[in-house]
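Below: the structure, in structure tokens.
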Amino acid sequence: MTWSRIYSILKFIAKSVYRNYEMIKSVFLIFLIMLSLILTWSLWTLKPNYSNLEETRTLKKEEVKDLKKITDVIRPSQIIYYDKNSYRGMPANEKLIDRVNQVLANTKFYDSKNRPSTNIDEQLKNKEYIEVIYPTDMTADIYSQIFNLTSSGGTFTIPSADRVIFYKKDTNEVEAHIISYTQRKMITASTTFPFDSLKNIINNAKSGVLQYEPFDVERDTDQGAEVSKRFYFPKERFMLNSYSYLSRTINDDTIERYKNALFRDPGNVKSGNTGDYYTDESSALDVNRNSNRIKYTNFTQGPDEDTTEQTRSPLFNSVDFINNHAGWGNPYYFYNLDPASSTVEFLLFVRGLPVIKSDMEMKLGWTNNELNEYQRSMVELDMDGDYSFKPKKVKLQSAAEVKAALKEYDLTMVNKLAVGYEMTHAKGQENVYNLQPRWFVNYGPNHDWQPLFRDSQRPGGEL
């Protein structure tokens with residue numbers, strides 16, 4: 001094709017466009033209008049697919065395998081059976097505790113009445129009873145989660161209580177006293193509690209049943225001396241097992257898991273100079289590799305002037321938070337609630353006993369339903385693996401010895417007494433932990449745990 005031929009074609013096209021300019025302009029304008037209508041309609045009817053975003057938001061929740069309910073983290077610390085002559089119980093017996101929890105979940109409480117807490121012993125002296133003791137005072141909203149409470153004939157308005165005593169009336173009906181010695185209050189309710197069934201478990205047990213003695217801390221009142229706290233100690237020396245467990249390796253992946261779970265946007269997290277301090281614009285994570293412990297601080301909680309905003313129990317908030325932020329790891333159970341600071345504490349439990357070590361505590365603080373601080377250990381014992389360490393028998397002190405040791409303490413400052421495990425590293429084995437049972441006392445305004453028996457008794461001092 002010659003250049004003259006190409007020129008002729010281009011000239012023809014140009015003349016055609018010129019002659020039909022108005023028509024071409026109209027067609028192009030109609031096209032633009034139609035395109036605009038189509039885009040507008042698409043925008044109005046758009047249904048975005050958020051599946052990928054949703055997967056990202058719920059990833060942390062999906063990773064948590066050990067979700068807990070309130071009833072899963074509350075358990076009695078002692079079960080005592082009184083047969084009109086003696087007190088009996090079974091220390092560190094998980095099967096009994098689990099059975100009692102199942103029974104209580106199906107027990108109805110009704111026709112409640114407020115009564116004074118005085119002369120309880122006189123009322124129950126000639127009756128059999130089963131006393132269910134919890135590790136701390138619990139408010140009515142917590143009891144409403146673990147018990148089937150009804151308000152027929154009265155209301156369950158007791159501020160807090162740490163024990164429930166079930167006893168049989170002369171009519172064989174079973175009543176319950178929900179008691180707070182510290183608050184000097186009590187509620188009595190009719191129940192459907194299967195008293196004989198639980199009594200038979202203890203009576204028919206072939207081993208592990210011990211005789212106990214009560215120990216009362218009294219206070220002076222206008223009506224005379226009154227029980228302010230009550231503890232039960234085994235009457236004679238008794239044997240428990242010590243154990244050793246492997247722990248799962250703590251590495252950078254462990255820290256990364258908590259970073260991803262605790263920060264809203266892990267990609268926006270900056271590391272401090274040491275590499276063990278992480279922060280974004282609203283929170284911080286401090287990792288202590290020496291104690292294998294983390295502390296997460298939230299800086300965005302609201303002002304605390306209006307305390308009426310604390311509309312939900314800190315315990316409920318704590319369980320929800322742990323469920324949605326990397327989970328529990330090992331079996332932790334509710335052990336303390338400080339109403340003044342809205343602080344909730346959980347302790348690790350192994351074979352029916354708490355591990356009483358500050359480095360292993362799980363602690364959450366709240367203000368107006370907003371988390372202030374979350375502390376926990378990164379140590380996870382391999383409790384599901386093959387048990388390769390042989391248990392060793394340990395003899396613990398009797399009631400008389402415990403009472404003698406308590407003479408060194410101001411009893412008004414003794415908050416709790418418990419048998420628990422002291423947790424230490426095995427020599428030369430970084431990932432092996434030894435659990436040694438011993439007596440502990442929770443003492444002083446800061447509720448510090450310390451061994452009850454030691455070479456130098458210094459109540460309230462350092463361990």
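The values are calculated or read from the model by the stated rules, or taken from the named source; none is laboratory data. Just so we're clear, the structure is a prediction, and the values are computed from it rather than from any experiment. Virtual Cβ from ideal backbone geometry, glycine too; neighbours counted across all protein chains shown.
Could you say whether any residue in the range 80-92 is surrounded by 15 or more Cβ atoms within 10 Å (Cβ to Cβ), at pLDDT below 80 and not basic (Lys, Arg)? Give the steps one after another, and end with the answer.
Taking the range 80-92 first, the residues surrounded by 15 or more Cβ atoms within 10 Å (Cβ to Cβ) are 80-82, 87-92.
Those still in the list that are at pLDDT below 80 too: none.
Checked against the condition, which is being surrounded by 15 or more Cβ atoms within 10 Å (Cβ to Cβ), at pLDDT below 80 and not basic (Lys, Arg), the range 80-92 yields no hits at all.
So, in the range 394-411, how many residues would count as being in contact with a Ser or Thr (Cβ under 8 Å, 6 or more places away or on another chain) and exposed (fewer than 13 other Cβ atoms within 10 Å of the Cβ)? Give the steps one after another, and end with the answer.
Step one: of the range 394-411, the residues in contact with a Ser or Thr (Cβ under 8 Å, 6 or more places away or on another chain) are 394.
Right, trim to exposed (fewer than 13 other Cβ atoms within 10 Å of the Cβ) and you get none.
Result for the range 394-411: 0.
Specify the residue that is modelled with the lowest pLDDT; the eligible residues are those in the range 332-378 that are of a type in the set (Ser, Thr, Tyr) and in a loop (DSSP other than H, G, I, E, B).
Keep residues of the range 332-378 that are of a type in the set (Ser, Thr, Tyr), which gives 332-333, 335, 341-343, 358, 367, 374, 377.
Keeping just the survivors that are in a loop (DSSP other than H, G, I, E, B) gives 341-342.
On the way: Ser341: 89, Ser342: 92.
Here the residue is Ser341.
Just need a number here: residues in the range 389-418 that are within 29 Å of the chain's Cα centre (by Cα) and free of Cβ contacts under 8 Å to residues at least 24 places away in the same chain.
Result for the range 389-418: 0.
Kindly evaluate Leu435 against the criterion of being of a type outside the set (Asp, Glu) and either in contact with a Ser or Thr (Cβ under 6 Å, 6 or more places away or on another chain) or surrounded by 17 or more Cβ atoms within 10 Å (Cβ to Cβ) (or both). Don't jump to the end; show me each part of the working.
Values: of a type outside the set (Asp, Glu): yes; either in contact with a Ser or Thr (Cβ under 6 Å, 6 or more places away or on another chain) or surrounded by 17 or more Cβ atoms within 10 Å (Cβ to Cβ) (or both): yes.
The answer is yes for Leu435.
Search the range 78-100 for residues being part of a helix (DSSP H, G or I) and free of Cβ contacts under 8 Å to residues at least 40 places away in the same chain, and hand back the single one that is farthest from Asp162 (Cα to Cα). Before you say what the answer is, go through the steps one by one.
Within the range 78-100, the subset part of a helix (DSSP H, G or I) is 94-100.
Subset that is free of Cβ contacts under 8 Å to residues at least 40 places away in the same chain: 95, 98.
Values: Lys95: 21, Asp98: 18 Å.
Step by step, filter the range 78-100, then rank; the result is Lys95.
Kindly indicate which of Ser313, Ser318 is under 17 Å from Thr71 (Cβ atoms), small (Gly, Ala, Ser), modelled with pLDDT of 95 or more and within 15 Å of the chain's Cα centre (by Cα). If you could, list the steps in order and put the result at the bottom.
Values: Ser313 fails: modelled with pLDDT of 95 or more.
Exactly one residue qualifies, and that residue is Ser318.
So for the range 137-144 (the condition being under 24 Å from Ile202 (Cα atoms) and not in a helix (DSSP H, G or I)), does at least one residue qualify? Reasoning before the result, please.
Kept after step one, since they are under 24 Å from Ile202 (Cα atoms), are these residues of the range 137-144: none.
Checked the range 137-144: no residue is under 24 Å from Ile202 (Cα atoms) and not in a helix (DSSP H, G or I).
Tell me which of these Ile158 doesn't satisfy, since it passes every other one: (1) modelled with pLDDT of 90 or more; (2) of a type in the set (A, V, I, L, M); (3) assigned to a loop (DSSP other than H, G, I, E, B).
(1) is the only condition that Ile158 fails.
Please work out which residue is farthest from Phe238 (Cα to Cα), limiting yourself to the range 107-132 and to residues that are part of a loop (DSSP other than H, G, I, E, B) and modelled with pLDDT of 90 or more. Let's see the steps before the verdict.
Filtering the range 107-132 down to residues part of a loop (DSSP other than H, G, I, E, B) leaves 107, 116-119, 125-128.
In the following step, the residues that additionally are modelled with pLDDT of 90 or more were identified as 107, 127-128.
Values: Thr107: 33, Lys127: 27, Glu128: 25 Å.
Checked the range 107-132; the qualifying residue farthest from Phe238 (Cα to Cα) is Thr107.
Hey, can you tell me all the residues within the range 269-298 that are among the aliphatic types (A, V, I, L, M) and not in a loop (DSSP other than H, G, I, E, B)? Talk me through it step by step, then tell me what you get.
Initial filter on the range 269-298 (among the aliphatic types (A, V, I, L, M)): 269, 284-285, 287, 294.
If the condition is that a residue be among the aliphatic types (A, V, I, L, M) and not in a loop (DSSP other than H, G, I, E, B), then Ala284, Leu285, Val287, Ile294 are the ones that fit.
With the condition being of a type in the set (Val, Ile, Thr) and closer than 30 Å to Val287 by Cβ, I'd like the strands (runs of 3 or more DSSP E) fully within the range 208-266 carrying at least 1 qualifying residues.
Numbers: elements: 210-221, 224-234, 238-246.
No strands (runs of 3 or more DSSP E) qualify here.
Would you please list the contacts, defined by Cβ atoms under 6 Å and residues six or more apart or on different chains, that run from a residue in the range 425-442 that is closer than 15 Å to Lys357 by Cβ to a residue that is charged (D, E, K, R)?
Listed by first residue and then by second, the contacts come to Gln436/Glu422; Arg438/Glu422; Asn442/Lys416.
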